[in-house]
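Input: a single structure, listed below in structure tokens.
The values are calculated or read from the model by the stated rules, or taken from the named source; none is laboratory data. The shown structure was predicted, so the numbers you read here are calculated from the model rather than taken from an experiment. Neighbour counts run over all protein chains shown; Cβ positions are idealised from the backbone, glycine included.
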Amino acid sequence: MPENPVLTKEMRSRMRGARGAVIQFVYVTLIIAVSGVMYAFFRLEWAGGSGAGANPAMAAEFGHALFIGISVLQAGMVCLLAPAFTSGAITGEREQRSLDMLLVTNLKARSILLGKLGSALGYIGLLIISSVPVLSVCFLFGGVSPDELIAAYVLIGTTGVFFGLAGLFWSCVFRRTLQATAAAYGTVALLCIVVTVMDGLISQFTRYSVDGPVLSYVNPIMGILSIVLPEAETSTWSVFGAVPLWVVTMSFQALAAPVLLGASILLLRYRQ
């Protein structure tokens, strides 16, 4: 990939324009705003206006709450941004009538797709890294362990890879960016909303030998919550035993990612 001209071109195009800087500014500003609102609420409601240092236990409680809020917010934003960066990767080339010229070069379909994907993931990684200073404020209050922080960032990163590949797959399936984008966000809605609602309905109207979520294992937001909420750390599904929910979420993403990439390569190679 360091020798991939598609990656080089896409990264330069993305970072030289104003759009990349604006998105990063909005991303970090939103995280800072949410943190500021939570801290203001903490001072007024939890600490009675006396400040974080007056009660260490309450400060640790706020640090943990802040970690939950920022982690869930970042996971949701990655779920929304990753498909947007990749769903137009191939359809955009078609619409600009440059895909045929790209395919007759010495580049393989795999190199083209990895270049497009690498550019999107590189920018998503930049967004995630830019939020580290804000999230590190949680350690000043306490209530957060380094293991939780690392696990949350790893899951957010794998979620970006998974939904980036989903957007890339739909970009190879459809010939219009609008259709590919709609399908990509349909995938996000399916995995983040529909499966969780269905899981709740199944648990309410049926009786199966499961204590905990079933379909929700594929929801990355639920995976993040299983890291930051102690009561949701393990699942007692009899098939897995006591397995952390976020590990199952990452395993699903790790199994689905190569399938999406392989299908995208075949579609780009033979469906033109």
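Answer yes or no as to whether residue 30 is farther than 23 Å from residue 73 by Cα and surrounded by 14 or more Cβ atoms within 10 Å (Cβ to Cβ). Working first, answer last.
Values: farther than 23 Å from residue 73 by Cα: no; surrounded by 14 or more Cβ atoms within 10 Å (Cβ to Cβ): yes.
For residue 30, the condition - farther than 23 Å from residue 73 by Cα and surrounded by 14 or more Cβ atoms within 10 Å (Cβ to Cβ) - is not met.
Out of 212, 223, one residue alone is among the small types (Gly, Ala, Ser), surrounded by 15 or more Cβ atoms within 10 Å (Cβ to Cβ) and modelled with pLDDT under 70. It is 212.
Being modelled with pLDDT of 85 or more and either acidic (Asp, Glu) or buried (at least 20 other Cβ atoms within 10 Å of the Cβ) (or both) is a condition met by no residue of region 229-248. The set of residues in region 148-178 that are within 10 Å of the chain's Cα centre (by Cα) and among the aromatic types (Phe, Trp, Tyr) comprises 153, 162, 163. Does residue 138 satisfy being at pLDDT below 85, of a type outside the set (S, T, N, Q), in contact with a helix residue (DSSP H, G or I) (Cβ under 6 Å, 6 or more places away or on another chain) and part of a helix (DSSP H, G or I)? So residue 138 passes the test. Somewhere in region 99-121, is a residue under 27 Å from residue 247 (Cα atoms), β-branched (Val, Ile, Thr) and surrounded by fewer than 16 Cβ atoms within 10 Å (Cβ to Cβ)? Checking region 99-121: not a single residue is under 27 Å from residue 247 (Cα atoms), β-branched (Val, Ile, Thr) and surrounded by fewer than 16 Cβ atoms within 10 Å (Cβ to Cβ).
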